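Since the structure comes first, as structure tokens, the remarks are kept for the end.
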Amino acid sequence: MTATPARGVADAVPGRTRRLPPGPRLPAVVQTAMWAVAPVWFGKTCLRRYGPLFTARILGFGDVVYISTPDGIRRILRDDAGDFDAAAANESIRFVVGEHSLLMSGGAQHTERRKVLMRPLHGDNVTAYVEVMKSIVEQEVVGWRPGSAVRLLDCFQRVTLEVMIRAVFGITDSARLTRLRVLVPKLLDVNPLIILVPAVRRSFGGFGPWAAFQRLLREVDQIIFAEIRERRAELAADPSGRGSDVLSLLLAKGQDNPAVTDQELRDHMVTLLAVGQETTATQLAWFFERVVRAPGALERVETAVRDEDWKVLDAAIHEAIRSRPTTLDIGRMATKEWTADGYVFPAGTMFAVSLGLLHLSGRLHPAPESYSIDRFHPVEPPSAHFLPFGGGSHRCLGASLAMIEMRTVISTILRSVRLRVPRSTPEGVKPKGPMLVPRRGAQVIVTENRLFAGRG
Ligand code: HEM
């Protein structure tokens, strides 16, 4: 790649420039192809060549300014957050998550909606799911025959979906569960063209990807609305009989607060599915992909699980998130002129706040390619250098749930199963929709399985 001269108009103010930071000079279509096929390589190459502030041209988004300095990220996500719009950067998924989604909200409305969801996703409400999570994992592991190869990503997709629909939403109706198990993976596997090219969002006489997607979404919505109606009626009949799942807690709150309409509840549920299920599944898959390959790491994690040393297990999870992020960036659009590093960015500039590149920076994390639990234990890196769940007012609302889920899945597996690596070469990174997944699905060989033997 060759450096592009900075774009835009030179500013009259001395020492400041209105130009965008440099970036690849290749045509937008070529940059978009590289970004879509090999996003980590593209990001790291630009980072090496242009530094932590560079501009890429991505079709559908235009000029996108990548930023991965601790200071720049802190300013955008926290200090100057009022000058940035997260919803504008999520616009391309509005048709899936709905207008009441947190991802589509800003300012006071966002704070209000976040408050509604915060309580059910924190504290004791989350630890209450642990037993259900364990039984869901055991149901999956029971079928792993000793000697066989298992694609963990597929297993974790099933596990995290079950956790979401059974534990978090509290759905028990078997017909609805069966249908959601088929529909949700298809919904999350939405054709990227629909997301990136609004012109594709047209129904050609009921044919084409948009029409198919609309049918899928309608069916998921029907199931969710039916569940909400039924649960509202049950709660009205017996207010003391409510469950501890997120939907029950939201419905109970909705009784005192009629503002939580069925449509709002639907949008919250689809948002949790969209941002909480595949991320956790993919991060779990990368955890095992890394741990079985790094010398001594699997043994160390097994010991931590046996001794219930959660600090070491969390360090191992954090290092997996750092070294193999499931997504590289989060989007923000400047709503006002913003100045950083001598650049003056006009309102409307699109930023990719690159937590992934922050975590892969060799300056902040020496030997960034290697997996080392010691990076996070006993001393953690400065919090500005590692933001697995983002920061500021949009920080991940499911962070506690995700950590508890990952601890539970990993410890349940390692208490029952012994694993080995099928081949020592690391799995490549493959983009799948918005996710960066292990190319071979995080394959492992099961050498022993206490649950399988117990069943046999
Ligand atoms: C390992 C798993 C996960 C990772 C790495 C992760 C990461 C993130 C990050 C970086 C953000 C910030 C986005 C931004 O600032 O624009 C975010 C937002 C969010 N996450 Fe997660 N997440 C995970 C799992 C979950 C789970 C399990 C749930 C819920 C069940 C969840 C719910 C949310 C929600 C609702 C938001 C939007 C918050 C807002 O806009 O106020 N996430 N997540």
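Details
- Flag for Val275 being of a type in the set (Val, Ile, Thr), under 24 Å from the mean Cα position of the chain (by Cα) and open to solvent by less than 50 Å² (accessible area, probe 1.4 Å): no
Per-residue answers, yes or no, for (1) open to solvent by 40 Å² or more (accessible area, probe 1.4 Å); (2) away from the ligand (no atom under 14 Å from the Cβ); (3) modelled with pLDDT under 90:
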| position | (1), (2), (3) |
| --- | --- |
| Ala89 | no, no, yes |
| Ser101 | no, no, no |
| Thr111 | yes, no, no |
| His122 | yes, no, yes |
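- Residues that are over 16 Å from Gly392 (Cβ atoms), under 19 Å from the mean Cα position of the chain (by Cα) and part of a helix (DSSP H, G or I) do not occur anywhere in segment 63-78.
- Scanning segment 231-249 for residues that are open to solvent by less than 60 Å² (accessible area, probe 1.4 Å), touching a residue at least 12 places away in the same chain (Cβ under 8 Å) and of a type outside the set (A, V, I, L, M, F, W, C) returns Arg231, Gly243, Asp245, Ser248.
- Selection of first residues in segment 115-131 that are more than 23 Å from Ser105 (Cβ to Cβ) and of second residues that are open to solvent by 50 Å² or more (accessible area, probe 1.4 Å), restricted to Cβ pairs under 7 Å at least 6 apart or on distinct chains, gives the following pairs, ordered by first then second residue: Ala128/Ser244.
- Filter result (surrounded by 15 or more Cβ atoms within 10 Å (Cβ to Cβ) and at positive phi) within segment 131-159: none
- Here segment 86-114 is the region considered, the condition is being charged (D, E, K, R) and within 19 Å of the chain's Cα centre (by Cα), and the residue that is farthest from Asp221 (Cα to Cα) is Arg114.
- Taken as a whole, the structure places Arg75 among residues that are at pLDDT 95 or above and of a type outside the set (Phe, Trp, Tyr).
- Criterion violated by Ala297 - all others in (1) within 16 Å of the ligand (Cβ to nearest atom); (2) of a type outside the set (Val, Ile, Thr); (3) more than 20 Å from Ala89 (Cα to Cα) satisfied: (1)
- In segment 396-407, the residues that are within 6 Å of the ligand (Cβ to nearest atom) and not hydrophobic (A, V, I, L, M, F, W, C): Gly398
- Filter pass, Asn90 being among the polar types (S, T, N, Q) and under 28 Å from Pro52 (Cα atoms): yes
- Residue in segment 398-417 that is modelled with pLDDT under 95, open to solvent by less than 30 Å² (accessible area, probe 1.4 Å) and within 18 Å of Ala320 (Cβ to Cβ) present: no
- Selection count, segment 364-387, where residues are within 16 Å of the ligand (Cβ to nearest atom) and open to solvent by less than 40 Å² (accessible area, probe 1.4 Å): 3
- Scanning segment 280-301 for residues that are β-branched (Val, Ile, Thr) and either part of a helix (DSSP H, G or I) or under 13 Å from Val312 (Cα atoms) (or both) gives Thr280, Thr282, Val291, Val301.
- Matching option when the condition is of a type outside the set (D, E, K, R), touching a residue at least 24 places away in the same chain (Cβ under 8 Å) and either out of contact with any Pro (no Cβ under 7 Å at 6 or more places or on another chain) or surrounded by 17 or more Cβ atoms within 10 Å (Cβ to Cβ) (or both), among Ala28, Ala36: Ala28
- Conditions (1) within 16 Å of the ligand (Cβ to nearest atom); (2) of a type in the set (S, T, N, Q); (3) in the same structural domain as Arg290 (by TED's automatic domain parsing); (4) over 22 Å from the mean Cα position of the chain (by Cα); number of the one not met by Thr335: (3)
- Pairs, first open to solvent by 10 Å² or more (accessible area, probe 1.4 Å) in segment 52-69, second among the acidic types (Asp, Glu), C-beta under 6 Å, six or more apart: Leu53/Asp341; Arg57/Asp63
The values are calculated or read from the model by the stated rules, or taken from the named source; none is laboratory data. What you see is a predicted model, and the numbers here were worked out from it, not measured in a lab. Cβ coordinates were reconstructed from backbone atoms using ideal geometry, including for glycine residues, and neighbour counts include every protein chain displayed. Just the protein is used for accessible areas: all its heavy atoms, side chains included, with ligands, DNA and RNA removed. Shrake-Rupley method; radii C 1.70, N 1.55, O 1.52, S 1.80 Å.
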